[in-house]
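Here is the structure we will look at, set down as structure tokens.
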Amino acid sequence: MKWLIIIVIMVVLGACRRDSEPWSEDDPKQEVAVVVRTGSSVGAFSPVNYQLFVYDEQKQETDFCEVPPEAGDARRFRWKLSPGTYTGFCMVNVVNQPVLEYSKSKTPEQIFVKLEKNAGNYTEAADYLLGQADFTVTEGEPVPVVFDMQRKVAQLRVIVENVPENLTDLTIHVFSIPLKMNLLGDYTSETGTLIKTAGISVAGISTTGILLFPPVGESGLMLSYRVGNTPYQTPVRSIQTLTANRITEIKAVFGSIPGSEWVGFETEIYDWEETIVREKDWYIDMPPDVCKGVGNGVNLIQNGDFEGGVTEEIPEHWKLDANGTDKKSVVVDAPVYQGNKAVRLEGKTYLYQDVPVSEGRCYQLRMYVRADVAEVKWRVWCTWMAGNRNLASEEIRSSAYGYQTEGYVDVFRNGIFRAPAGTTKLRMEVRTYMSSWTGGTGLYVDTVAAELVE
């Protein structure tokens with residue numbers, strides 16, 4: 001037990017991150033007593049640890065420690081420093097090391113807390129509080145230090161009302177948000193998009209709070225969601241009221257207002273707890289119903305069964321994308337799903353056909369593929385397009401590569417999909433990714449169809 005107590009004491013005293021040798025017990029260190037003060041807007045305050053950065057002006061070095069509060073008083077803690085002149089920076093809630101850009105040789109303006117990335121998207125900040133104090137440590141003299149903590153994040157509260165029951169994957173996108181804040185409390189000019197899944201709708205109302213670094217100037221808000229297989233997104237709404245230690249509240253309402261699709265924003269200023277910046281309600285057109293029914297039997301795909309002729313080894317009405325460098329397609333008699341012909345794609349080959357479609361209309365899609373061996377690697381990569389510009393198309397693309405199948409399978413499962421706003425054409429495309437020599441095997445494709453659902 002005695003050794004355990006000694007080890008615990010050593011861990012606490014050596015908690016600072018230093019690039020040089022640990023402090024020696026012979027060092028003339030002076031105990032520094034710290035008081036942390038917060039404004040009334042911070043509310044309950046009981047951090048597990050304080051994150052303490054101490055800049056030595058003479059050495060031009062910054063040490064970093066995590067220091068626990070005193071037992072029974074969450075607003076006080078102690079640590080030891082050698083005599084010298086320092087600038088201290090105290091933070092709370094920097095609990096995830098990947099969000100910290102720190103090295104001892106950096107000055108305070110070069111040390112950053114940053115938004116973390118998850119699956120390629122920036123996630124919200126923690127409730128960061130920051131205080132700064134200049135002080136001098138003199139041997140034999142008590143050193144009281146006071147940090148006045150200030151909240152350095154803003155909160156965006158998004159309330160979505162009248163959420164349709166058939167709406168899923170409601171997601172909030174906030175644009176032009178600073179990605180980093182340094183110890184001086186300055187936000188970087190480098191910005192990004194913060195994404196957060198909206199809160200679960202209860203009785204048609206979804207409420208989501210997002211903590212973020214406040215932008216300098218204008219930012220933007222967008223909602224995305226799905227109805228059935230079809231993705232939707234709202235236009236981007238301007239926000240100019242995101243401020244540190246303030247809550248900006250925006251209410252978005254699914255529905256329409258006679259003569260106007262959108263309503264402008266107005267602002268009222270309050271404080272953090274009940275200090276809320278309330279934007280005027282934002283009305284969003286109700287999304288269309290889920291596509292239902294069956295295709296009308298008229299296939300928009302020409303030569304979708306590959307029974308037609310071949311031009312320069314390419315099935316009629318089909319094309320091979322140049323990015324599929326092997327461009328190897330072979331019309332075969334077997335195996336087929338239906339009729340007498342199918343096409344086999346070998347090597348790296350992208351086979352596609354563009355057909356005209358109309359925005360907002362529903363289409364039933366089919367494409368049967370067959371891979372007889374595990375070496376066959378493929379995926380479906382169809383695209384809604386506005387002229388030559390690609391639109392959101394995740395619902396008609398493979399979410400992962402495909403390999404060997406059990407006979408022919410319909411990659412769309414006879415699904416029905418709505419063309420998003422602005423769509424003028426649909427590109428039906430299938431891609432293979434194999435070594436150039438595959439021993440006469442490959443991906444077989446047959447019975448490709450796109451039918452309007454009326």
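The values are calculated or read from the model by the stated rules, or taken from the named source; none is laboratory data. Being a predicted model, the structure only gives us computed values, none of them experimental. Here Cβ is always computed from backbone atoms with ideal geometry, including for glycine, and neighbour counts include all displayed protein chains.
Within the stretch 405-441, can you find the residues that are assigned to a loop (DSSP other than H, G, I, E, B) and closer than 14 Å to ARG379 by Cβ?
Across the stretch 405-441, the qualifying residues are THR405, VAL411, PHE412, TYR433, MET434.
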Criterion: loosely packed, with under 12 Cβ neighbours inside 10 Å and either free of Cβ contacts under 8 Å to residues at least 24 places away in the same chain or assigned by TED's automatic domain parsing to the domain that holds LEU345 (or both) - qualifying residue of SER399, SER393:
SER399
In the stretch 186-200, which residues are buried (at least 18 other Cβ atoms within 10 Å of the Cβ) and within 21 Å of ASN162 (Cβ to Cβ)?
LYS196, ALA198
List the residue pairs whose Cβ atoms are under 7 Å apart, where the first residue sits in the stretch 343-367 and is outside any strand (DSSP E or B), the second is aromatic (Phe, Trp, Tyr) and crowded, with 21+ Cβ neighbours inside 10 Å, and the two are 6 or more positions apart or on different chains.
VAL357/TYR363
Do we find a residue being under 26 Å from ALA74 (Cβ atoms) and in a loop (DSSP other than H, G, I, E, B) anywhere in the stretch 139-147?
yes
Can you name the number of the only condition in (1) surrounded by fewer than 17 Cβ atoms within 10 Å (Cβ to Cβ); (2) among the β-branched types (Val, Ile, Thr); (3) over 28 Å from TYR232 (Cβ atoms) that VAL355 fails?
(3)
Looking only at the stretch 306-314, decide whether some residue is free of Cβ contacts under 8 Å to residues at least 12 places away in the same chain and part of a strand (DSSP E or B).
yes
Tell me, please, whether a residue that is buried (at least 16 other Cβ atoms within 10 Å of the Cβ), aromatic (Phe, Trp, Tyr) and closer than 30 Å to ARG397 by Cα can be found in the stretch 228-246.
yes
In this structure, is VAL336 aliphatic (A, V, I, L, M), assigned to a strand (DSSP E or B) and on the phi < 0 side of the Ramachandran plot?
no
Does the stretch 368-377 hold any residues that are hydrophobic (A, V, I, L, M, F, W, C) and either assigned to a strand (DSSP E or B) or farther than 20 Å from THR432 by Cα (or both), and which are they?
VAL369, ALA371
Which residue pairs have Cβ atoms under 6 Å apart, sit 6 or more places apart or on different chains, and have a first residue in the stretch 186-208 that is assigned by TED's automatic domain parsing to the domain that holds LEU221 and a second that is β-branched (Val, Ile, Thr) and in a loop (DSSP other than H, G, I, E, B)?
SER201/VAL163; GLY204/VAL163; SER206/VAL163
Would you check if GLU109 is in a loop (DSSP other than H, G, I, E, B), in contact (Cβ under 8 Å) with a residue 40 or more places away in the chain and not assigned by TED's automatic domain parsing to the domain that holds GLY209?
no
Quick check: is even one residue across the stretch 385-393 assigned to a loop (DSSP other than H, G, I, E, B), closer than 30 Å to GLY422 by Cβ, within 35 Å of the chain's Cα centre (by Cα) and charged (D, E, K, R)?
no
Filtered residue count, the stretch 228-258, keeping only those that are outside any strand (DSSP E or B) and among the charged types (D, E, K, R):
1
Residue within the stretch 104-121 that is hydroxyl-bearing (Ser, Thr, Tyr) and at pLDDT below 95 present
no
Residues satisfying the stated conditions in the stretch 112-125, i.e. of a type in the set (A, V, I, L, M), buried (at least 17 other Cβ atoms within 10 Å of the Cβ) and assigned to a loop (DSSP other than H, G, I, E, B):
LEU115, ALA125
Could you go through the stretch 164-172 and let me know if any residue there is surrounded by 15 or more Cβ atoms within 10 Å (Cβ to Cβ), modelled with pLDDT of 95 or more and under 26 Å from GLN60 (Cβ atoms).
no
Taking into account only those residues within the stretch 126-138 that are outside any loop (DSSP other than H, G, I, E, B) and polar (S, T, N, Q), which is modelled with the highest pLDDT?
GLN132
